[in-house]
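Student: Sharing a structure, written as structure tokens. Questions coming.
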């Protein structure tokens with residue numbers, strides 16, 4: 001369904017997320033419409049492994065690939081220089097936000113699809129992320145798939161760190177604590 005251009009709600013290692021394949025821009029537009037997200041607001045790309053992350057990054061700042069290889073999979077999103085091959089809709093100011101999630105089933109799904117998934121929290125822009133699959137289905141009916149985990153989703157998003165400057169900058173504090 002995702003490989004064919006659908007939108008799914010999936011659990012991650014952080015929040016429930018809207019997901020679509022990176023190459024299906026119409027699905028990405030659907031997510032933007034559902035959320036009320038404006039053009040230019042960021043998305044996270046979820047990769048199954050570091051080699052898949054290589055495909056969305058134009059160049060790794062010195063030592064960053066090795067550092068992230070020792071951390072990922074984890075609820076840590078890295079902002080890095082974007083590959084020129086990426087769709088403009090997922091690039092913000094020549095950067096890309098990428099993560100290898102610590103949710104084994106999600107990594108397996110991404111690996112089977114063979115390309116990164118676009119991900120963003122399940123909520124309306126500016127609202128609190130929805131944590132229960134029943135509330136998600138009621139608020140956002142008619143999507144291609146809804147996958148649940150037991151209980152509610154996490155209350156915390158991923159930590160977002162910009163690794164482009166010489167000294168990394170925390171953009172958003174979240175579930176991961178960088179030492």
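The values are calculated or read from the model by the stated rules, or taken from the named source; none is laboratory data. Bear in mind the structure is a predicted one, so any value in this text is a computation, not a measurement. A quick note on method: Cβ atoms are made from the backbone with ideal geometry, for glycine too, and the neighbour counts reach across all protein chains shown.
Student: Can residue 33 be described as surrounded by fewer than 18 Cβ atoms within 10 Å (Cβ to Cβ), assigned to a loop (DSSP other than H, G, I, E, B) and over 11 Å from the mean Cα position of the chain (by Cα)?
Tutor: no
Student: Of the numbered conditions (1) surrounded by fewer than 18 Cβ atoms within 10 Å (Cβ to Cβ); (2) in contact (Cβ under 8 Å) with a residue 12 or more places away in the chain; (3) closer than 29 Å to residue 154 by Cα, residue 61 satisfies every one except a single condition; which is it?
Tutor: It fails just one condition, (3).
Student: Within segment 13-28, take every residue that is out of contact with any strand residue (DSSP E or B) (no Cβ under 7 Å at 6 or more places or on another chain) and in contact (Cβ under 8 Å) with a residue 24 or more places away in the chain and give me the one that is surrounded by the fewest Cβ atoms within 10 Å (Cβ to Cβ).
Tutor: 23
Student: Residue pairs, Cβ under 9 Å, 6 or more apart or interchain, first in segment 64-77 and assigned to a helix (DSSP H, G or I), second at pLDDT below 95 and surrounded by 18 or more Cβ atoms within 10 Å (Cβ to Cβ). List them.
Tutor: Pairs that qualify, where the first residue is assigned to a helix (DSSP H, G or I) and the partner is at pLDDT below 95 and surrounded by 18 or more Cβ atoms within 10 Å (Cβ to Cβ), are 71/176.
Student: Which of the following residues is within 18 Å of the chain's Cα centre (by Cα), assigned to a loop (DSSP other than H, G, I, E, B), in contact (Cβ under 8 Å) with a residue 24 or more places away in the chain and more than 19 Å from residue 3 (Cβ to Cβ): 125, 97?
Tutor: 125
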